[in-house]
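Inspection log for the structure reproduced underneath, given as structure tokens.
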Amino acid sequence: MPSYKLTYFKHWGRAGVLRLLFAAGEIEFEDVRIEREQWPELKPKTPMGQIPILEVDGTIICQTKAIGRLIAKEAGLAGKTPLEAAQVDMIVDGLSDLQVKIVDFFIEKDEKKKQEKIKEFAEKTLPMFLDTYEKLASSSGHFVGDALTWADVDFFSLMFFLKDHLPNDPLKGHVKLTKVKDNVTSNPGIAAWMEKETSH
Ligand SMILES: N[C@@H](CCC(=O)N[C@@H](CS)C(=O)NCC(=O)O)C(=O)O
């Protein structure tokens with residue numbers, strides 16, 4: 001197994017899913033969480049001037065989805081066939097579309113505009129998205145096949161991140177999506193990781 005060093009800020013953000021994927025695969029990694037003040041010095045040393053980055057035996061890669069796909073393959077969570085892998089990518093890429101909208105309200109500096117954007121997101125954008133994803137999930141609570149994949153983990157990670165920024169639990173009333181969440185959080189590696197992450 002290669003040696004892995006993941007670098008990101010201290011919060012959940014984009015790296016939350018990557019840490020979960022390592023945990024699900026019970027793959028050892030160095031979990032480097034930097035302070036904001038350390039970023040200007042690190043930025044020029046990264047491939048695209050952004051984090052997360054993953055160092056794999058000395059080679060640095062960036063882009064969250066590329067990193068996620070690599071860990072998912074190592075963890076056996078990338079889909080069992082090329083078609084399943086494409087179905088996983090479909091879910092994961094759809095989540096990227098939602099992330100763009102989250103970033104839009106997240107980085108808004110004007111407080112009034114920020115609240116308006118959050119309201120629009122919580123009342124319109126997210127419910128429409130969740131209705132679509134509810135249809136895509138199976139009744140066993142998986143997006144692809146009948147086993148856990150990183151599509152499920154990526155979905156859970158984004159919902160976990162969102163719950164701190166929205167007035168209500170986003171998954172309320174979505175039976176299949178709640179099952180996806182339960183399947184993710186009952187994975188032994190993830191359960192142990194979440195316990196550690198949320199205990200402080
Ligand atoms: N498409 C990239 C976006 C990465 C990104 O925007 N990272 C932010 C942190 S969440 C960053 O590096 N910001 C600092 C900067 O751009 O200087 C990915 O998915 O990894």
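No value in this document is a laboratory result; all are computed from the given coordinates. Please read these numbers as outputs of a predicted model, since none were measured by experiment. Note that we place each Cβ from the backbone using ideal geometry, even for glycine, and neighbour counts take in every protein chain shown.
At-a-glance table
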| read-out | value |
| --- | --- |
| Options TRP193, THR178, LEU130, ranked by Cα towards positive dipole end of the range 100-200, top entry (Cβ charges) | LEU130 |
| Rounded if a/c under 1.5, otherwise prolate or oblate - the range 83-128, Cα gyration tensor axes | oblate |
| Whole-Å distance, taken between Cα centres, linking the range 1-70 and the range 71-140 | 20 Å |
| Cα gyration tensor category, rounded, prolate or oblate, for the range 153-200 with a/c compared to 1.5 | oblate |
| Projected area, mean over directions - the chain, Cα convex hull, nm² | 11.8 nm² |
| Global geometry of the range 101-200, whether rounded, prolate or oblate, following the gyration tensor of its Cα atoms and the 1.5 cut on a/c | oblate |
| In Hz, Karplus ³J(HN,Hα) per residue of the range 171-186 (6.51, -1.76, 1.60; θ = phi - 60°; x = Gly, Pro) | 8, 3, x, 9, 5, 6, 5, 5, 5, 4, 4, 5, 5, 5, 6, 8 |
| Choice from ALA66, ALA85, ALA23 with maximal GNM fluctuation in the chain (Cα, 10 Å cutoff) | ALA66 |
| Mean separation of Cα contacts under 8 Å, 6 or more apart, over the residue count of the chain: relative contact order % | 22 percent |
| Computed over the range 82-186: relative contact order in percent, which uses C-alpha pairs under 8 Å that are six or more apart | 31 percent |
